[in-house]
Amino acid sequence: MILATGASGNVGSALIARLGADAVAAYRDPAKTARALESGQPAVTLDLAKPETLPPALVGIDTVFLLGAMSPTQTGHELAMLDAARTVGARVVKLSVWRADEELSPVAPLHWPVEEALRASGLAWTILRPNFYQQNFLAQRSIRAAGEFSFPAITAPISFVDAADLARVAAVVLTTAGHDGRVYDLTGPAALTYAEAADVFSVVLGRPVRYRGLPAEQARAAMLGRGIPHFHANALVDVARAYRDGGADTVTTTVADLTGRPATELAEFVRRHRAVFG
């Protein structure tokens, strides 16, 4: 049986939808656990910040999908789950971050110690390293309201990847053999600048959409104004600084290679979420 942490997030919820009763969905909120159980989905309440909740959640589990919430304590939380998984000998599939081993961005050091611990754990493991999510555009309500979106200024292309594709890959890795000891870099099918992404939105939505590249402080203020927590806003600004002139433009075929279906193009993603973008 598979234990899927982070079941309420973009990747986790899509993964649970694919795995269904073959996975136990782990939620921090007991109310979400109760709703899942009422719907027939196996579920458990688990808080990575509370080690005492981990052993009960691992009863009958042979594989763990490890997805911790981004925070200053993420590394410690994931290491605690790794320790618990080691006690039952569970295989671990970890959702990491783009180029984690190079620690180019401030998010990478949250993941790299866990990757290293996995390699030394004696457990079977697989690591998934996605690039920037296409879902980041969903928080840009100004696309609908004003025909524009803003991010910290990045001039280089980015191979944005759909979280639904990550879930497809994770489902394959979790349920088939041949992935132990592998690190998979996951991207979309093309690398686009934010200006080129704006052109895609314009074509699909049938109206002009433009990109505003903001200086760091202005971008941080804009994200805080949208309710993004300080730690996340600071991290996103620093990630943008790390990849402002390149480093996130690699395109891999991993999604297609593992799932048999090409990665989602940005235009397809926009069409799928047209109700959000207006």
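The values are calculated or read from the model by the stated rules, or taken from the named source; none is laboratory data. Quantities reported herein were computed from a predicted structural model and do not represent experimental measurements. Here the Cβ positions follow ideal geometry from the backbone for every residue, glycine too, while neighbour counts run over all protein chains shown.
Tell me which residues, restricted to the stretch 114-132, are in contact with a strand residue (DSSP E or B) (Cβ under 9 Å, 6 or more places away or on another chain), surrounded by fewer than 18 Cβ atoms within 10 Å (Cβ to Cβ) and in contact (Cβ under 8 Å) with a residue 12 or more places away in the chain. Those that are in contact with a strand residue (DSSP E or B) (Cβ under 9 Å, 6 or more places away or on another chain), surrounded by fewer than 18 Cβ atoms within 10 Å (Cβ to Cβ) and in contact (Cβ under 8 Å) with a residue 12 or more places away in the chain: Ser121, Ala124. If you filter the stretch 221-231 down to residues that are in contact (Cβ under 8 Å) with a residue 24 or more places away in the chain and closer than 14 Å to Phe149 by Cα, you find that the one that is surrounded by the most Cβ atoms within 10 Å (Cβ to Cβ) is Ala222. For the stretch 232-244, indicate whether the set of residues that are surrounded by 13 or more Cβ atoms within 10 Å (Cβ to Cβ) and either among the hydroxyl-bearing types (Ser, Thr, Tyr) or closer than 21 Å to Val172 by Cβ (or both) is non-empty. Within the stretch 232-244 (the criterion being surrounded by 13 or more Cβ atoms within 10 Å (Cβ to Cβ) and either among the hydroxyl-bearing types (Ser, Thr, Tyr) or closer than 21 Å to Val172 by Cβ (or both)), the answer is yes, since at least one residue qualifies.
Of all residues in the stretch 242-268, those satisfying the criterion of being in a helix (DSSP H, G or I), in contact with a helix residue (DSSP H, G or I) (Cβ under 6 Å, 6 or more places away or on another chain) and farther than 15 Å from Tyr194 by Cα are Val255, Leu258, Thr259. Scanning the stretch 89-124 for residues that are under 15 Å from Phe65 (Cβ atoms) and either modelled with pLDDT under 95 or hydrophobic (A, V, I, L, M, F, W, C) (or both) turns up Ala90, Val92, Val93, Leu95, Val114, Leu118, Leu123, Ala124.
Condition check ((1) among the aliphatic types (A, V, I, L, M); (2) in contact with a strand residue (DSSP E or B) (Cβ under 9 Å, 6 or more places away or on another chain)) across all residues:
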| position | (1), (2) |
| --- | --- |
| Glu38 | no, no |
| Leu46 | yes, yes |
| Ile61 | yes, yes |
| Met70 | yes, no |
| His77 | no, no |
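One residue alone among Tyr243, Tyr211 is of a type in the set (Phe, Trp, Tyr), in contact with a strand residue (DSSP E or B) (Cβ under 8 Å, 6 or more places away or on another chain) and more than 21 Å from Ala163 (Cα to Cα), and that residue is Tyr211. Checking Thr175, Thr126 one by one, the residue that is under 20 Å from the mean Cα position of the chain (by Cα) and in the same structural domain as Gly6 (by TED's automatic domain parsing) is Thr126 and no other.
The criterion of being farther than 24 Å from Gly181 by Cα, touching a Phe, Trp or Tyr at 6+ places or on another chain (Cβ under 9 Å), buried (at least 17 other Cβ atoms within 10 Å of the Cβ) and at pLDDT 95 or above does not hold for Thr75.
Quick check: anything in the stretch 106-113 in contact (Cβ under 8 Å) with a residue 60 or more places away in the chain and not β-branched (Val, Ile, Thr)? Yes - at least one qualifying residue is present in the stretch 106-113.
Quick check: is even one residue across the stretch 199-208 touching a helix residue (DSSP H, G or I) at 6+ places or on another chain (Cβ under 8 Å) and surrounded by fewer than 16 Cβ atoms within 10 Å (Cβ to Cβ)? The answer is yes, given that some residue of the stretch 199-208 is touching a helix residue (DSSP H, G or I) at 6+ places or on another chain (Cβ under 8 Å) and surrounded by fewer than 16 Cβ atoms within 10 Å (Cβ to Cβ).
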